[in-house]
Amino acid sequence: SVDVYLPRDVSRKLRRDGTLGDDWKPRPCIVFFSGGAWVIGYKAWGALMGFCYSQLGYIFVTPDYRNFPQVKIEEMLEDVDLAIDWCVDNLPGYGGSHEFVLMGQSAGAHLAASAVLSGLARANGVQSAVPARKEEPLWQLSNIKGFIGVSGP
C-alpha cells in the first residue's frame with residue numbers, strides 16, 4: 001500500500017473537478033522508502049516529510065514494504081519494484097508524471113538503491129544479483145530522475 005501527499009492546489013482541483021484537465025502541468029514527485037533495519041519500517045514514518053514536501057509543491061509517495069522475519073530481502077525488493085510500478089502507472093492521475101526522484105532512509109535507502117542498480121542491470125542486459133520477478137517490471141531506469149540515500153548508500 002502507499003500513502004500519497006498532494007500539494008494543496010492538486011488536492012483542491014481533484015476534489016472539485018475529479019480530473020486535472022489536459023492543460024495540467026505535472027508536479028515533481030518524490031517516492032520515499034522509510035528505514036527500520038529491514039525489521040520495523042513503516043510507510044507512515046514518512047508522513048512529516050510528506051506534509052512538508054507537499055507544501056513545497058511536490059507529490060510525495062511513501063510506499064510500504066514487508067519486513068523481516070515475515071519475508072527475506074528478495075521479497076522486500078519485489079515490494080519496492082511493485083511500488084515503483086504503481087507510481088509509474090498511477091502518479092499521472094494524481095497530477096504527477098511517470099518520472100520521479102527515488103529517496104530512501106537507512107534500510108529504505110538500501111532497498112531503493114538496490115532497485116536502481118537492478119534497473120541499471122536490466123537496461124544493459126546484465127544479470128542482476130536480485131532474483132527476477134515473475135513479471136517484468138513496468139518501470140524503466142528512465143523513470144528515475146534522481147536518487148537520494150539518507151543514512152544509507
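The values are calculated or read from the model by the stated rules, or taken from the named source; none is laboratory data. All figures in this text were calculated on a predicted structure; none of them were measured in a lab. Heads up, the Cβs are rebuilt from the backbone with ideal geometry, glycines too, and the neighbour counts pull from every protein chain shown. These accessible areas exclude ligands, DNA and RNA; they are computed on the full protein's heavy atoms, side chains included. Shrake-Rupley method; radii C 1.70, N 1.55, O 1.52, S 1.80 Å.
Modelled label-to-label distance, Arg8 and Glu135, 7 Å Cα→beta-carbon offset: nm?
3.9
Using 0.36 nm times the number of residues separating Asn90 and Ala37, minus their current alpha carbon distance, what extension gain do you get?
16.2 nm
Restricting to the chain, compute how many DSSP beta bridges are antiparallel as a %, nearest 5.
Just about 25 percent of them are antiparallel.
Run the simple label-point estimate for Ser151 and Arg15 please: 7 Å along Cα→C-beta, distance reported in nm.
Taking the simple label geometry, Ser151 and Arg15 are separated by 3.3 nm.
Of the listed values (i) 21.8, 72; (ii) 23.0, 85; (iii) 15.4, 47, identify the label whose number matches Rg and Dmax of the Cα atoms in Å calculated from this model.
Computed from these coordinates, Rg and Dmax of the Cα atoms in Å corresponds to label (iii).
Report the label-to-label distance for Asp23 and Arg66 in nanometres (one decimal), using points 7 Å from each Cα along the Cα→Cβ vector.
Using points 7 Å along Cα→Cβ, the separation is 4.8 nm.
For helix 8-17, report the angle its Cα long axis makes with the longest principal axis of the Cα atoms of the chain; keep it between 0 and 90° and round to the nearest 10°.
Value to nearest ten degrees: 70.
Mean separation of Cα pairs under 8 Å and 6+ residues apart, divided by the residue count of region 84-153: what relative contact order is that in percent?
Dividing the mean separation by the residue count of region 84-153 yields 49 percent.
From the helices alone, meaning DSSP H stretches of at least four residues, give me the mean residue ellipticity at 222 nm for the chain, per-run term -39500 (n - 2.57), in deg cm²/dmol to the nearest 500.
My calculation for the chain gives -11500 deg cm²/dmol from helical runs alone.
May I ask you to give the percent of accessible area on region 1-73 that is carbon plus sulfur, with a probe radius of 1.4 Å?
After summing per-atom areas, the C and S share lands at 57 percent.
What relative contact order, as a whole-number percentage, does the chain give when Cα pairs under 8 Å and 6 or more residues apart are counted?
Value for the chain: 28 percent.
If you plug each phi of region 84-91 into the Karplus form 6.51 cos²θ - 1.76 cosθ + 1.60 with θ = phi - 60°, what whole-Hz ³J(HN,Hα) values come out, in order, with x for Gly and Pro?
Residue by residue, region 84-91 yields 5, 4, 4, 5, 4, 7, 10, 4 Hz.
Add +1 for every Lys or Arg and -1 for every Asp or Glu among the other residues with Cβ under 15 Å from the Cβ of Ala112, and state the total.
That works out to -3.
Amide H to amide H, which residues 5 or more places from Trp38 or on other chains are under 5 Å from it, using H placed in the peptide plane?
Here Ala107 satisfy the definition.
Relative to the present Cα-Cα distance, how much length would full extension add between Ser1 and Val126 at 0.36 nm per residue of separation?
42.0 nm
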